[in-house]
Amino acid sequence: VKMSPSLFNFVDAKDKFTASAKCAVTGKTSKPLINTFNQIPGNETEKKTTLDQALRGVLGDQIQKASCDDYLSLIYLSIDAVTEGICSATTPFLLLGDVLDCLPLDQCDKIFSFVEENVSTWKSYLSNTIQIILPSYLMCNDLLRRLSKSQNTVFCGRIQLFLARLFPLSEKSGLNLQSQFNLDNVTVFNKNEQESTLGQKHTEEKEDNMEVEEGEMGEDDAPAPCSIPIDYNLYRKFWTLQDYFRNPVQCYDKFSWMTFLKYSDETLAVFKSYKLDDMQASKRKLEELRTSDGEHVYFAKFLTSEKLMDLQLSDSNFRRHILLQYLILFQYLKGQVKFKSSSCVLNDDQTTWIEETTKLVYQVCLKIHCYRSQMLFIHILNTEENWNAWKNEGCPSFVKERTVDDKPKRPTRKRQAPEDFLGKGPDRKIFMGNDELTRLWNLNQDNMEACKSDSRSFMPSLDEFFAEAIEQADPANMVEDEYKVVRNPNYGWRALRLLSRRSPHFFQPTNQKFKSLADYLDSMVSKLAKELPDIPSEEIKTGEEDDDDNGDNLLKDSNDSPSIQSKLVTNQQMDDISAKLGAQWKTLASHMEMKAAELREIETDSEDVEMQAKLLLVAWQDREGTQATVENLITVLNAAGFSQIAENLNEETRTE
């Protein structure tokens, strides 16, 4: 007789799982749970659900008498059970939620440290299913509700960072998609003028309430008095601005905008006129506080006591926070936000005021923290702008998926083997795919050697190419200029190419100026007629001969050698001149027409005056190039009033 399978008994299975779970916690191994799971009859879903209930029951028994280590051991056991596939993936988060709900906050800190240390475990074993998203959020949100945002700021931040590490950055459940503001962040201050103590001169009460010991604050550290009175009116207007920073949408209301504009103008005027504390003294006091206690002082909310008003106005860090609030508010009012109402539009007057006030904020910022804080503001605003643009696009994932080409790939043709590419005959002809190309390619067996043959040299000689031009240059032939071949642009282009390859006259410098290419070729033809054999050149005359004669006479009459006119300034000469110039190098720089930016760069590169003079000469040499000759440098030195240095340089060049 075939026996029917035994039915699943929930109560009996739960008792067995409970006993094996306690044994597993004691032995710190999951083998008892695995053995019990395999022995109990029933389907896998029923056994997993029962084991989940048993583990939560064991935790309930331990809550009153166990320690944090025992709780963590049970959670480790649940993680092993998930790894073995005998437990639901949500069970570790459910156990963590139960533990955090039942323990005080000081012990919750220790439990959550365990959660932070095992982020990789949650992501590798548990994040493969969407079912863990809800339990993990519930666990963190329940803990956040118990914490104070002002007193447990660090703990709240750790929870937010844990969620950011556990889930991808584009997870929309953790984003403020609609750009809603935290309207619960209300700044509390004294709104009853009757209870205000500002403006009353009670020196003794101030000394007692500020708790400043005698000699603690020196004369240099005390804030200077301001012409604007620090009264209740200013106090009320100043802290009322926090409501606009909390909810910028009300700035689009006409009445609210006028109030905001009035209060902002008065506040920024106070910032502009109220003198700050000594920056160095404030830094020294802050360092003393940190070294004495070893803790960083942080306040999540502004201190709005009337007694602190004058000290806050003279505090540079406090001003920096307020100015940054202005810039963030202005960025929101001008920026494009996807969920902003269509009625939230600035008019021209508001836009103009925001632009002018932004410039004023940066001016005040420069007086506080100079250039470094201004760059910090720009970095924060750019980051905020990138976040807004990302949310306007619907928060696309930062992980770019690889695109899959669905189009069928064309079958590639198999490359021909060499024996198929070459011909089959004895000549082994190469086929190029076209009859004419095949004929040209196979004219010679070795095409490289064929290219080197004498028959492939098409460049004419100078006497062959210029024979006609030399003949036309002879006055006896009476050829008019307009009919000469040198007037043909095509001939002139080919003549320049041939001269660059065959004639040394092409690269020789000359002082003679030519109005056209034909004039230059006429000059070259006269030179070639003198050098080429078997060509009569006695009667070919050009204006260049007279120029050469005059140049020779000038060279004979002058004692200056050609090196003075064409020789470049050497490094040794620049060293000697820079040593003689010294601190007077700026006088020479003005006559060298150096830019102010180049002078500042020279002063920055070196503090030695001789080196600065050397850098000036090097910069002049780089700018002039081939014109940086000794003759030109002597001219500049004489114009700048350094005639003795110029004379020494001239004599030194002559003796070489």
Rounded to 0.05, the calculated FRET efficiency for the beta carbons of SER67 and ASN9 at R₀ = 51 Å is 0.90
Per DSSP, the loop-located trypsin sites (Lys or Arg not before Pro) within the range 1-106 having at most 11 other beta carbons within 10 Å are LYS2, LYS28, LYS65
Of the accessible area of the range 571-655, computed with a 1.4 Å probe and all protein chains kept, carbon and sulfur make up a percent value of 45 percent
Rounded to a whole %, the carbon-and-sulfur portion of the accessible area of the range 10-174 at a 1.4 Å probe is 50 percent
Two pseudo-spin positions, 7 Å from Cα along C-beta at MET448 and at ARG145, lie apart in nanometres by 8.5 nm
In nanometres, the difference between 0.36 nm per residue of separation and the alpha-carbon distance of THR352 and LYS586 is 79.7 nm
If the chain between ASP243 and GLU598 were fully extended at 0.36 nm per residue, the gain over the current Cα-Cα distance would be 122.7 nm
Correct semi-axes for the range 571-655, from √(5λ) of the alpha-carbon gyration tensor and rounded to whole Å with the largest first, are 20, 14, 12
Expected sort for 323-330, 491-498 on mean C-beta neighbours within 10 Å, highest first, is 323-330, 491-498
Relative contact order of the range 571-655 (C-alpha contacts under 8 Å, at least 6 apart) in percent is 34 percent
Note: GLU117 to LEU177 extended length (0.36 nm per residue) minus current alpha-carbon separation gives 18.7 nm
Residue by residue through the range 580-586, the couplings from Karplus 6.51 cos²θ - 1.76 cosθ + 1.60 with θ = phi - 60°, in Hz, x for Gly and Pro, are 7, 5, x, 6, 8, 5, 5
Computed over the range 25-70, the convex hull of the Cα set has an average projected area, in nm², of 3.6 nm²
For GLU651, the accessible surface traced by a 1.4 Å probe with all protein chains present amounts, in square angstrom to the nearest 10, to 90 Å²
In this structure, among LYS237/LYS359; LYS367/LYS391; LYS237/LYS367; LYS123/LYS338; LYS307/LYS359; LYS191/LYS262, pairs with alpha-carbon gaps over 26 Å are LYS367/LYS391; LYS123/LYS338; LYS307/LYS359
GluC sites (Glu not before Pro) in the range 443-491 lying in a DSSP loop, each with at most 12 other Cβ atoms within 10 Å of its Cβ, come to GLU480
Relative contact order of the range 10-174 (C-alpha contacts under 8 Å, at least 6 apart) in percent is 19 percent
The range 10-174 -> Rg/Rh from Cα coords, Kirkwood Rh, value 0.98
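The values are calculated or read from the model by the stated rules, or taken from the named source; none is laboratory data. Since this is a predicted model, take the numbers as computed values, not measurements. As a convention, Cβ positions derive from the backbone with ideal geometry for all residues, glycine included, and neighbour counts pool all protein chains shown. Only protein heavy atoms, including side chains, enter the accessible area calculation; ligands, DNA and RNA are left aside. Shrake-Rupley method; radii C 1.70, N 1.55, O 1.52, S 1.80 Å.
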